[in-house]
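Engineer: This is the structure I have questions about; it appears just below.
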Amino acid sequence: MAEASKVVPSIWTTGWTDILNTGTWRSAIPVHQKRLAPCHVACPLNSEIPTWIKLAREQSYQEAWLALVADNPFPAITGRICHHPCEGGCNRGEYDGAVAVNALEQYLGDLALREGWSLPQPASELEQRVAVIGGGPAGLSCAYQLRRRGYQVTLLEARSKLGGVLREGIPQYRLPREILEGEIKRLLALGMEVRTNHPIEAKDLDSLEKEFFAVFLAVGAQRAKTLPQFPAVDARITDALHFLAKVSQGTVPSLGRQVVVIGGGSVAMDAAASARRLGSQVKVLALEDRESLPARADELAEALEEGVEVIAGVMVQSVVSSDEGIRLNCIGVSLAGTVPAAGTVPAGVLEPILLPGTEFIVLTGQVILAIGQEAELSGWDSVFTVGQSLVKVEANGATDRPGVFAGGDVTTMERYVSTAMGQGKKAALSMGEFLRGEFPATGGSGAEGPDPGAVVSYQEINTFYFPPTSRENKGNVAVEQRLRDFREIKIGFTSQQALTQAERCFSCGHCMECDNCFYFCPDMAVVKDASLPEHYHILDQYCKGCGSCVEECPRGAVVLKEETR
Amino acid sequence: MNERSSRILVNGNHAVAYGVKLAQAQVVPVYPITPQTPIVEKISEFQAAGEMVVELMTAESEHSAMSACITASLTGVRVFTATASQGLMLMHEMLHYASGARAPIVMFNVNRTIGSPWGFWPDQTDSLAQRDTGWIQYYCENGQESLDTVLQAYRVAEKVLLPAMVMHEAFYVSHALEGVEVPDQEVVDQYLPVFDPPHRLDPDIGESWGNTVGQEMFYRHRRDLGLAMESAIEVAEEADAEWRKLTGRSYGIVEQYRCEGAELVIATMGSMAGTARETVDNLRDAGLPVGLLKVKLFRPFPLAAVRRVLNGVPKVMVLDRNFAPGTGGFLHQELKAALYGLEQGPVVHGYLAGVGGTNVSPTVMADWVREAMATQPAAGPVWKG
Amino acid sequence: MGYQIKEEKVFNSGHAACPGCSEALAIRYVVNTLGPDTIGVVPPSCIAIISGPQPLSSMRMPVYQTTLESSAASATGIARALKAKGNDHTKVVVMAGDGGTYDIGFQSLSSAAERNEDFIYVCLDNEGYMNTGAQKSSSTPHLAYTASTPAGKLTPKKNLAEIMVAHRIPYVATATTGYPDDLARKVAKAKEMKGLRFILVLAPCLDGWGLADNAGPKVSRLAVETGVFPLYEVENGERYTLNYGSKGTPVVQYLSLQKRYRHLSQAQVEELQAEANLNWQRLQGKLS
């Protein structure tokens, strides 16, 4: 009986539950994955915005800049003039104001120029030669992406200097010349042949094709649109394209006291503000009403601050030109309900309804037409298909002539620098595929947009982890100062502003290793794993599929995938 | 043996306290209740005087006291507590829990009437009502026996891993002064090894206790508890024999007194056994062949011993200072069941005697013996006294 | 997270808590912070189920399962036995539900607190008897539905934290699973102290409250940000420290996530808002 005490009573618990398989309860399993941020998707260049902002937040500025220039060689330029659809897409916009991505981009771009950072040289040299026709945003972006990959690039530019619209269309008070020169110079340091004063016409294509394995055409929109009411030949009537080019060259003639700009877009505002700097009183006559002007709101606000008078919702019915001046007979119009049926009228052409009794007269000494510009494509339709005033390209930038690609204003009406650069980049990637012989028969590369579920939505952001902080904008130089000359009117971020703003980024879909998924798992089924790019793995045996890791991920970098057993 | 002990004059409860001190109980969770209090007061005095190193936990209820006893015991220390009556009732849930936990707690219960109505009197119903809780039960008739039995109870409980409760009755024993031999510590140390259970709540071992079980596991657990309880009879006999070797005192799990050739044997428990012993002597002197069976170990019930003593005895008169409405005296019922099927077994008179502490003198008891000898037993219990 | 959680692997996977269980999450930070040199006491509750079916335990430390009313007394027994054995390093922790703490276990808890017994008592408060199918306890809040209060409970939740403060024990803290770092910090702080330490952890019951499997942390945080369940600490019954309190978030945001409140009228929502405001004001009056 003394042994009784040695017998293990059946009541003691000596084993562990981790031999049990609670994973069988599950019908869905979390997956850590890098997902698309809306800013990235909205960016015409598909910039890895969350990645470089994260590096900036860590004050690894050069790494941040390197991540930025992987997609965009000109952050100091686009950081000033991009229409930044990234900020429109920013999930933080629904919360407490979009992250000031554009200003951050400028901060990094300016820092790089100050510090003299170089673009990385190609890892290896390839023998294939490619030609890029046009040294504007699309061409330079394409040339850059091809050169990065080791191709031998030749840039063919009709004018004496590279830059295109960056040099001739955008006033220096928005894009200072030293910024433009600095970024172009840095790009050229990668090593490419540049042939300036070298216009290319359609007939030159055959010989180019002999010399080069592939060709990218991006000659831009060089022909200003006109209006029939305005006399074709009158020195007092010019177009914004020429006006701004002359201003940028410093060869602008005296404008006189009164200037009228016709148009409501960014170019109209640029022309008006440039004319103000040259000492004129400026009126802008725009077809659209104030709320729907194509110009960006900040551009309009700046113009108004600088004393430009904007008369919106009007059109010029007739023009009487005399020695005393130009008389514009104007009338109020409405554009409501006048959206043209698709296919019946050329896109972008508005059909205003005249409002009788609203007639008025404007007298002026100078008219600048800023109603848009078109690509000059005469002759090119013999070498590839040209649609309605645009070269017809696949989504990947390929024309229907093998080996010939096109981008920028010759292929789109969007007329944004970043859009053109994005097309240049996309075409470069397609050209790479073409040159490697991987090109699909009917260019599918990049044809489809991302699956909507692949982009992180605001609902997937756990805002608890982001205490509200306010967005900051770039500062403005005082108006009196601005009107004195063409010096830059925006004040870029200080390092503290940049850091504060970088800290606001949700990093949508980009794991920041915050470990929330690990810490909120009641089953210890999330394991930190430094060997994985996703940083974590799920223990299939234990995960019950509750989705807490998904919910507690601040930024939508974990998704729940249904399982069928 | 006197050189290895000292004789003192103490009441029954203080004698118990001396037993606890000698057992070197390490944790004592208690809640006060008349007439148990002198036990705990004495232990407190020992502690205050530095004669005993003990964790005294003044619980807010007997339920909590017993709850703490269980865990302290499972943590691997020797545990003691004491209670009575209502206190024992309040512990009821935890009494089952303690035996299920196989915690070798020793508890002293001073038998006292259960309310309602309120009373303070000797009556064994409180502890007998706990007979199915899986505790070993001893009933004592004086302070010396209580002291000795506390020590025996530890030896048995810790061997079979079951809790044990030891009883004596309110006032008649608890507050009665008598001379008691208190053995020296080294005698007890020789008798009672250090408590060191192989399974315990200990982070170095990591085992848990009390996780929910399935049906099979529950069955196995109850069966094991039953086997341990069965084995306690032999262990208790051994413990008593060993105590006799060391101190010369022995009680048996049952005591058979002058039963040779007896026509009637009085069967009883606790202090009534003292009165019965005197009655037997008186009646033997008067020529009546009468004996006494004192049941000391009530759980596990000493079935074989009882059948051995009563085999061939024509008649048994059971005296129960306790009462279970609907059946009668506890010992009466248990004894009849124990004797069932014994070929030469006795007929059994069941007298409810001294319930509520009413006095039962040797004279009265002798009258009952004569009456029992002259009559056939009733089917059920008969109220006496 | 404000506090760097330091976990020792005590709590095992493979336990039987519901998917997304807040209580399991709380247990993780309690036992993994205390480490393996700990003995646990668990009364009947979901915690008992989570502890594992015999012979398998979800905790790599000894756990004793006791009766519903006796957790504090059971812990006392262990603490006293350890002291008797000269062991001054092993920690004792109770992990009990609100029924076993506010109701049936309150007597033994109050008594242990009065004696200032040396253990940590963690009440995993899911505001009802959830393991038996969601009946009301004295922790169930005013107007909440339970199986035994189908029209909503008529009386307010017992303020156990303040009752424990009134015992003037060394440490009382409130915590909740939406702030695991705060919970872990409080357990770590309690671990370094002696005497009775009481941590009240609001652990939303997904099933009993009517919540999605992934909503535990979220609703827990709303309880704090609406001022319904502020997180604070009190030392020696006197020194109050607020950790996380009301952000002025309307109580309706907290209520509307939970099916147990879906029967509320607008007037009742306002009543609960007023109660939350008053409780929050009272607490603020105690902050030093």
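The values are calculated or read from the model by the stated rules, or taken from the named source; none is laboratory data. Just so it is clear, the structure is predicted and the values come from calculations on it, not from any experiment. Here the Cβ is made from the backbone with ideal geometry for all residues, glycine too, and neighbour counts use every protein chain on show. Please note that ligands, DNA and RNA were not included when accessible areas were found on the heavy atoms of the full protein model with its side chains. Shrake-Rupley method; radii C 1.70, N 1.55, O 1.52, S 1.80 Å.
Engineer: For the range A:283-303, name all the residues that are over 15 Å from residue A:361 (Cα atoms) and either buried (at least 17 other Cβ atoms within 10 Å of the Cβ) or over 28 Å from the mean Cα position of the chain (by Cα) (or both).
Structural biologist: The initial filter retains those residues of the range A:283-303 that are over 15 Å from residue A:361 (Cα atoms), namely A:287-303.
Those that are over 15 Å from residue A:361 (Cα atoms) and either buried (at least 17 other Cβ atoms within 10 Å of the Cβ) or over 28 Å from the mean Cα position of the chain (by Cα) (or both): A:287, A:288, A:293, A:294, A:295, A:299, A:300, A:302, A:303.
Engineer: Just checking, does the range B:77-88 include any residue being facing chain C (nearest Cβ under 7 Å), part of a loop (DSSP other than H, G, I, E, B) and either out of contact with any Ser or Thr (no Cβ under 9 Å at 6 or more places or on another chain) or open to solvent by less than 10 Å² (accessible area, probe 1.4 Å) (or both)?
Structural biologist: Quick first cut of the range B:77-88, residues facing chain C (nearest Cβ under 7 Å) only: B:77.
Now drop any that are not part of a loop (DSSP other than H, G, I, E, B), which leaves B:77.
Next, only the ones that are either out of contact with any Ser or Thr (no Cβ under 9 Å at 6 or more places or on another chain) or open to solvent by less than 10 Å² (accessible area, probe 1.4 Å) (or both) stay: B:77.
Scanning the range B:77-88, I find at least one residue that is facing chain C (nearest Cβ under 7 Å), part of a loop (DSSP other than H, G, I, E, B) and either out of contact with any Ser or Thr (no Cβ under 9 Å at 6 or more places or on another chain) or open to solvent by less than 10 Å² (accessible area, probe 1.4 Å) (or both), so the answer is yes.
Engineer: Do the conditions hold for residue C:194, that is, is it in contact with a helix residue (DSSP H, G or I) (Cβ under 7 Å, 6 or more places away or on another chain), under 25 Å from residue C:4 (Cβ atoms) and open to solvent by 60 Å² or more (accessible area, probe 1.4 Å)?
Structural biologist: Numbers: in contact with a helix residue (DSSP H, G or I) (Cβ under 7 Å, 6 or more places away or on another chain): no; under 25 Å from residue C:4 (Cβ atoms): yes; open to solvent by 60 Å² or more (accessible area, probe 1.4 Å): yes.
So residue C:194 fails the test.
Engineer: Continuing with this model, one more query. Give the range A:122-173 a look and list any residue that's touching a helix residue (DSSP H, G or I) at 6+ places or on another chain (Cβ under 9 Å), over 18 Å from residue A:213 (Cα atoms), open to solvent by 40 Å² or more (accessible area, probe 1.4 Å) and in contact (Cβ under 8 Å) with a residue 40 or more places away in the chain, or say none.
Structural biologist: A:165, A:172
Engineer: With respect to residue B:70, is the statement that it is of a type outside the set (Phe, Trp, Tyr), closer than 17 Å to residue B:105 by Cα, touching a His at 6+ places or on another chain (Cβ under 8 Å) and at pLDDT 95 or above true?
Structural biologist: Details: of a type outside the set (Phe, Trp, Tyr): yes; closer than 17 Å to residue B:105 by Cα: yes; touching a His at 6+ places or on another chain (Cβ under 8 Å): no; at pLDDT 95 or above: yes.
No, not satisfied.
Engineer: Next question. Report, by residue number, each residue of the range C:202-222 that is farther than 23 Å from residue A:29 by Cβ and facing chain A (nearest Cβ under 8 Å).
Structural biologist: The initial filter retains those residues of the range C:202-222 that are farther than 23 Å from residue A:29 by Cβ, namely C:202-205, C:208-210, C:219-222.
The one that is farther than 23 Å from residue A:29 by Cβ and facing chain A (nearest Cβ under 8 Å): C:221.
Engineer: Now a separate question. Being closer than 20 Å to residue A:452 by Cα and in a helix (DSSP H, G or I) is true for just one of A:41, A:31. Which residue is that?
Structural biologist: Numbers: A:31 fails: in a helix (DSSP H, G or I).
Testing whether each residue is closer than 20 Å to residue A:452 by Cα and in a helix (DSSP H, G or I) leaves just A:41.
Engineer: Pairs needed: first member in the range A:271-282, under 13 Å from residue A:310 (Cα atoms) and free of Cβ contacts under 8 Å to residues at least 60 places away in the same chain; second member anywhere, surrounded by fewer than 19 Cβ atoms within 10 Å (Cβ to Cβ) and not basic (Lys, Arg); C-beta distance under 6 Å; at least 6 residues apart or different chains.
Structural biologist: Short answer, once both residue conditions are applied: A:281/A:258.
Engineer: At pLDDT 95 or above, closer than 23 Å to residue B:210 by Cα and assigned to a loop (DSSP other than H, G, I, E, B): does that describe residue C:118?
Structural biologist: Numbers: at pLDDT 95 or above: yes; closer than 23 Å to residue B:210 by Cα: yes; assigned to a loop (DSSP other than H, G, I, E, B): yes.
In short, yes.
Engineer: Of the numbered conditions (1) surrounded by fewer than 24 Cβ atoms within 10 Å (Cβ to Cβ); (2) outside the structural domain of residue A:59 (by TED's automatic domain parsing); (3) in a helix (DSSP H, G or I), residue A:88 fails exactly one; give the number of that condition.
Structural biologist: For residue A:88, the failing item is (2).
Engineer: Filter the range C:49-58 down to the residues that are open to solvent by less than 10 Å² (accessible area, probe 1.4 Å) and within 7 Å of chain B (Cβ to nearest Cβ), then identify the one that is farthest from residue B:79 (Cα to Cα).
Structural biologist: Step one: of the range C:49-58, the residues open to solvent by less than 10 Å² (accessible area, probe 1.4 Å) are C:50-52, C:57-58.
The next check asks that each one be within 7 Å of chain B (Cβ to nearest Cβ); those that pass are C:51-52, C:57.
Values: C:51: 27, C:52: 29, C:57: 27 Å.
Of everything passing the filter in the range C:49-58, C:52 is farthest from residue B:79 (Cα to Cα).
Engineer: Which of (1) surrounded by fewer than 24 Cβ atoms within 10 Å (Cβ to Cβ); (2) on the phi < 0 side of the Ramachandran plot; (3) in contact with a Pro (Cβ under 6 Å, 6 or more places away or on another chain) does residue B:42 not meet, given it meets every other one?
Structural biologist: Every condition holds for residue B:42 apart from (3).
Engineer: Follow-up question, since we're still on this one. Out of all the residues in the range A:221-244, which are outside any loop (DSSP other than H, G, I, E, B) and either within 26 Å of residue A:119 (Cα to Cα) or of a type outside the set (A, V, I, L, M, F, W, C) (or both)?
Structural biologist: Of the residues in the range A:221-244, the ones outside any loop (DSSP other than H, G, I, E, B) are A:223-224, A:237-244.
Listed by number, the residues that qualify are A:223, A:238, A:239, A:242.
Engineer: So which residues in the range B:54-65 are facing chain C (nearest Cβ under 8 Å) and either of a type in the set (Ser, Thr, Tyr) or not in a strand (DSSP E or B) (or both)?
Structural biologist: Of the range B:54-65, the ones facing chain C (nearest Cβ under 8 Å) are B:54-55, B:57-61, B:63-65.
Scanning the range B:54-65 gives B:54, B:58, B:59, B:60, B:61, B:63, B:64, B:65.
Engineer: A further question on this structure: When you check residue B:127 against the structure, is it within 11 Å of chain C (Cβ to nearest Cβ), open to solvent by less than 10 Å² (accessible area, probe 1.4 Å) and in a helix (DSSP H, G or I), yes or no?
Structural biologist: So residue B:127 fails the test.
Engineer: Now, a different point. Among the numbered conditions (1) open to solvent by less than 10 Å² (accessible area, probe 1.4 Å); (2) touching a Phe, Trp or Tyr at 6+ places or on another chain (Cβ under 8 Å); (3) within 8 Å of another protein chain (Cβ to nearest Cβ), tell me where residue B:16 comes up short.
Structural biologist: Of the numbered conditions (1) open to solvent by less than 10 Å² (accessible area, probe 1.4 Å); (2) touching a Phe, Trp or Tyr at 6+ places or on another chain (Cβ under 8 Å); (3) within 8 Å of another protein chain (Cβ to nearest Cβ), the odd one out for residue B:16 is (3).
Engineer: Restricted to the range C:99-147, and to residues that are of a type in the set (Val, Ile, Thr) and open to solvent by less than 10 Å² (accessible area, probe 1.4 Å), which residue is farthest from residue C:21 (Cα to Cα)? Outline the logic, then answer.
Structural biologist: Within the range C:99-147, the subset of a type in the set (Val, Ile, Thr) is C:101, C:104, C:120, C:122, C:132, C:140, C:146.
Okay, now just the ones that are also open to solvent by less than 10 Å² (accessible area, probe 1.4 Å), so C:101, C:120, C:122, C:140, C:146.
Numbers: C:101: 20, C:120: 22, C:122: 17, C:140: 18, C:146: 19 Å.
So the residue we want is C:120.
Each row is one residue, and each column tells you yes or no for (1) surrounded by fewer than 23 Cβ atoms within 10 Å (Cβ to Cβ); (2) in the same structural domain as residue A:516 (by TED's automatic domain parsing).
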{"residue": "A:21", "(1), (2)": "yes, yes"}
{"residue": "A:24", "(1), (2)": "yes, yes"}
{"residue": "A:31", "(1), (2)": "yes, yes"}
{"residue": "A:53", "(1), (2)": "no, no"}
{"residue": "A:57", "(1), (2)": "yes, no"}
{"residue": "A:69", "(1), (2)": "no, no"}
{"residue": "A:72", "(1), (2)": "no, no"}
{"residue": "A:83", "(1), (2)": "yes, no"}
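Engineer: For residue A:96, only one of the following conditions fails: (1) part of a helix (DSSP H, G or I); (2) open to solvent by 30 Å² or more (accessible area, probe 1.4 Å). What is its number?
Structural biologist: (1)
Engineer: Within the range B:248-265, which residues are open to solvent by 70 Å² or more (accessible area, probe 1.4 Å) and in a loop (DSSP other than H, G, I, E, B)? Explain how you work it out, then say what you get.
Structural biologist: Residues of the range B:248-265 open to solvent by 70 Å² or more (accessible area, probe 1.4 Å): B:256, B:258, B:260, B:263.
If the condition is that a residue be open to solvent by 70 Å² or more (accessible area, probe 1.4 Å) and in a loop (DSSP other than H, G, I, E, B), then B:258, B:260, B:263 are the ones that fit.
Engineer: Now for a different question. In this structure, is residue C:243 open to solvent by 10 Å² or more (accessible area, probe 1.4 Å), in contact (Cβ under 8 Å) with a residue 60 or more places away in the chain and assigned to a strand (DSSP E or B)?
Structural biologist: Values: open to solvent by 10 Å² or more (accessible area, probe 1.4 Å): yes; in contact (Cβ under 8 Å) with a residue 60 or more places away in the chain: yes; assigned to a strand (DSSP E or B): yes.
Judged against the criteria, residue C:243 is a match.
Engineer: Residues of the range C:1-46 being facing chain A (nearest Cβ under 9 Å) and at pLDDT below 95, which ones?
Structural biologist: Passing the criteria: only C:1.
Engineer: Just give me the residues in the range C:60-83 being open to solvent by less than 10 Å² (accessible area, probe 1.4 Å), aliphatic (A, V, I, L, M) and more than 7 Å from every other protein chain (Cβ to nearest Cβ), in sequence order.
Structural biologist: C:72, C:75
Engineer: Further question: Return the residues of the range A:485-527 that are of a type in the set (Ser, Thr, Tyr), closer than 17 Å to residue A:111 by Cα and either part of a helix (DSSP H, G or I) or within 11 Å of chain C (Cβ to nearest Cβ) (or both); say none if nothing qualifies. Steps first, answer last, please.
Structural biologist: Quick first cut of the range A:485-527, residues of a type in the set (Ser, Thr, Tyr) only: A:494-495, A:500, A:507, A:519.
Retained after the next criterion (residues that are closer than 17 Å to residue A:111 by Cα): A:494-495, A:500.
Of everything in the range A:485-527, those that are of a type in the set (Ser, Thr, Tyr), closer than 17 Å to residue A:111 by Cα and either part of a helix (DSSP H, G or I) or within 11 Å of chain C (Cβ to nearest Cβ) (or both) turn out to be A:495, A:500.
Engineer: Are any residues in the range A:470-495 open to solvent by 40 Å² or more (accessible area, probe 1.4 Å) and under 25 Å from the mean Cα position of the chain (by Cα), and if so, which ones?
Structural biologist: A:470, A:471, A:472, A:473, A:476, A:486, A:487, A:488, A:490, A:491, A:494, A:495 - these are the residues of the range A:470-495 that are open to solvent by 40 Å² or more (accessible area, probe 1.4 Å) and under 25 Å from the mean Cα position of the chain (by Cα).
Engineer: Kindly indicate which of C:177, C:226 is among the polar types (S, T, N, Q), under 17 Å from the mean Cα position of the chain (by Cα) and open to solvent by less than 10 Å² (accessible area, probe 1.4 Å). Give the steps one after another, and end with the answer.
Structural biologist: Numbers: C:226 fails: under 17 Å from the mean Cα position of the chain (by Cα).
Criteria check complete, one pass: C:177.
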